[in-house]
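Trainee: The structure's right below; bear with me while I get my questions together.
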Amino acid sequence: MAQHLTTDNPSTFERVFEPAVMYLTRNSLVRLVVLGTAGAFGSCTATQPGPGALAADRRAIVQVLTAQTAAWNRGDIPGFMQGYWQSDSLVFIDGKGPAYGWRQNLAIYQKVYPSPAAMGKLDFSGLRITLVAPAAAQVVGHWHLARPTEGDEQGYFLLVLRQLNGKWVVVADHTN
């Protein structure tokens with residue numbers, strides 16, 4: 001049985017993350033039991049979605065990031081934020097620590113980037129998308145802001161996405 005992490009709002013946290021934890025725990029345990037019992041290391045596989053479903057999920061996730069980039073490059077921070085879970089449980093983590101909530105993070109972005117010139121032009125590269133459960137994924141990548149007057153910025157990110165109500169959204173963002 002998976003152990004639950006405690007948070008300020010455990011019911012929301014568990015509802016969002018428990019399926020991914022349970023999927024990983026259950027499938028890992030099944031693999032160990034099957035491999036240990038059968039002794040056939042190369043012939044056992046876990047049940048997973050077909051290649052078509054995986055490719056569709058990856059395309060949908062790339063589309064979220066593409067729409068975010070386009071909104072950012074138009075100077076549209078609220079549009080950029082549409083790729084994020086509109087919840088008080090959304091978490092951003094940077095060098096200053098975690099910041100919770102969609103509205104709070106929208107306000108932070110608007111304060112840090114008060115104009116299109118301050119925002120610059122965003123691009124993502126080196127994306128590595130991993131589906132960790134049927135409705136959960138992580139994306140690791142590199143971000144770069146081209147800002148001729150403000151100076152360029154760049155770094156790396158790890159996003160956790162969930163498919164909620166048929167739509168892929170970022171539920172956690174760790175950017176440096």
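The values are calculated or read from the model by the stated rules, or taken from the named source; none is laboratory data. All figures in this text were calculated on a predicted structure; none of them were measured in a lab. Glycine gets a Cβ as well: all are built from the backbone with ideal geometry, and neighbour counts include every protein chain shown. Remember, those area values only see protein heavy atoms, side chains included, never the ligands or the DNA or RNA. Shrake-Rupley method; radii C 1.70, N 1.55, O 1.52, S 1.80 Å.
Trainee: Hey, how many Å between the Cα centroid of the range 134-176 and the Cα centroid of the range 97-125?
Mentor: Cα centroid to Cα centroid, the span is 12 Å.
Trainee: What net charge is computed for the residues neighbouring A71, neighbours being all others with C-beta under 14 Å from the C-beta of A71, Lys and Arg scored +1, Asp and Glu -1?
Mentor: 0
Trainee: For the range 42-176, what is the accessible area per residue in Å² when the probe is 1.4 Å?
Mentor: Computed with neighbouring chains in place, this is 54 Å² per residue.
Trainee: Let me ask you something else. Quickly work out the R74-to-S125 label distance, labels modelled 7 Å from Cα along the C-beta direction, and quote it in nm with one decimal.
Mentor: 2.6
Trainee: Below 15 angstrom from the Cβ of I61, what's the summed charge of the other residues (Lys, Arg +1; Asp, Glu -1)? Mind dumping the intermediate values first?
Mentor: Working: positive: R58, R59, R128, R162, K167; negative: D57, D173.
It works out to a net charge of +3.
Trainee: Where does the charge balance sit around F80 when Lys and Arg score +1, Asp and Glu -1, over other residues with C-beta under 13 Å from its C-beta?
Mentor: So the environment of F80 carries a net charge of 0.
Trainee: How many nm separate the modelled label positions at T175 and Y100, each set 7 Å beyond the Cα in the direction of the Cβ?
Mentor: 2.1
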